[in-house]
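Read the structure below first, then the notes.
The values are calculated or read from the model by the stated rules, or taken from the named source; none is laboratory data. It should be emphasised that the depicted structure is a prediction, and the values quoted were computed from it without experimental measurement. All Cβ positions, glycine included, derive from the backbone under ideal geometry; neighbour counts span all protein chains shown. All accessible areas refer to the heavy atoms of the entire protein, side chains included, with ligands and DNA or RNA removed. Shrake-Rupley method; radii C 1.70, N 1.55, O 1.52, S 1.80 Å.
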Amino acid sequence: FRSVSYLQKLDARREIIELLARMLRKLSAIALPLYALLLVIGPEFIIVLFTTQYIASWPIFAINLSQIPLSVITSAYDPVLRAYADQRYFLLRIRIVMVAFLTAALWYGTSRYRLIGAVSTVVIVSILERVILSIRVGRLLGVAWRDAALLKDVGKIMIATVLASAITVVTRRLIPELNPLLVLIVCSATFSICYALALVLFGLLTAQERELIRERGAVLRQTLTGG
């Protein structure tokens, strides 16, 4: 937030766009695989944490998981709206409209589809609000179609996530009879390895990130070996 505020004072909109693109890359690298993995192993995750009595809550849990990727979008436009103080009134108006719309939509969704309808309504309204605010911030900063190239790594992360998810789904189907905890461990390990390999194959890791991983790996080996 402070970096965006500093750049806003300098009217360095291009630098803000590039800063947000880098932030989106880093957040996506964590949020998107987490979201995908939980979608794949969600039932086992619920069973391990809360026992089989709560497995019926899986549909609601799955819908709520969409808040994870949505949080990435929020993290991109939120510092901009904070830095540009004149936008707070626009944000206030949008929130008022969204609350009114949410109230009406909740009445309809809950009466027709009960709890799933209520949760879905909240998610849909959240998506709508984020789309509106993202468009507003994009116009404020002068974002153009050519700037989509700044998000090419996010696209690669999405592909890596899909590939890792597909392999994990196959793995999960091959071990349906295992204990839920073992399924959780095996699938998590499979996803992590496939995702990490995809990141390397797509050249998504910078030299600084590779060096950081090596340092963390060295520390972990020393800890495990007691060296």
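Some points to look at:
- The stretch 106-122 - phi-based ³J(HN,Hα) in whole Hz, Karplus 6.51/-1.76/1.60, Gly and Pro as x: 5, 4, 6, x, 5, 5, 8, 10, 6, 5, 4, x, 5, 5, 4, 5, 4
- One chain, two ends: residue 50 and residue 94. Fully extended at 0.36 nm per residue, the span grows by 12.1 nm beyond their Cα-Cα distance.
- The residues of the chain have, on average, 63 Å² of accessible surface per residue, using a 1.4 Å probe with all protein chains present.
- Here the stretch 73-136 is described by how far its Cα atoms reach on the three principal axes: 41, 20, 14 Å, from widest to narrowest.
- Förster-model FRET efficiency, 22 Å R0, residue 15 and residue 82, C-beta, rounded to 0.05: 0.85
- The stretch between residue 162 and residue 212, if pulled fully straight at 0.36 nm per residue, gains 15.5 nm over its current Cα-Cα span.
- With contacts taken as Cα pairs under 8 Å and at least 6 residues apart, the stretch 36-103 reaches a relative contact order of 18 percent.
- Helix-only CD estimate at 222 nm, as mean residue ellipticity for the chain, using -39500 (n - 2.57) per DSSP H run (n ≥ 4): -29000 deg cm²/dmol
- Listed values [x] 7, 23, 28, 26, 13, 2, 0; [y] 7, 22, 23, 27, 17, 4, 0; [z] 7, 32, 41, 19, 1 include one computed from this model; for P(r) over Cα pairs in 10 Å bins from 0, in percent that value carries the label [x].
- Phi-based couplings in Hz for the stretch 157-165 (Karplus 6.51, -1.76, 1.60; Gly and Pro marked x): 4, 4, 5, 4, 5, 5, 4, 5, 5
- Phi-based couplings in Hz for the stretch 45-56 (Karplus 6.51, -1.76, 1.60; Gly and Pro marked x): 4, 5, 4, 5, 7, 10, 6, 5, 5, 9, 5, 5
- Taking every C-alpha pair closer than 8 Å and separated by at least 6 residues, the mean separation divided by the residue count of the chain gives a relative contact order of 27 percent.
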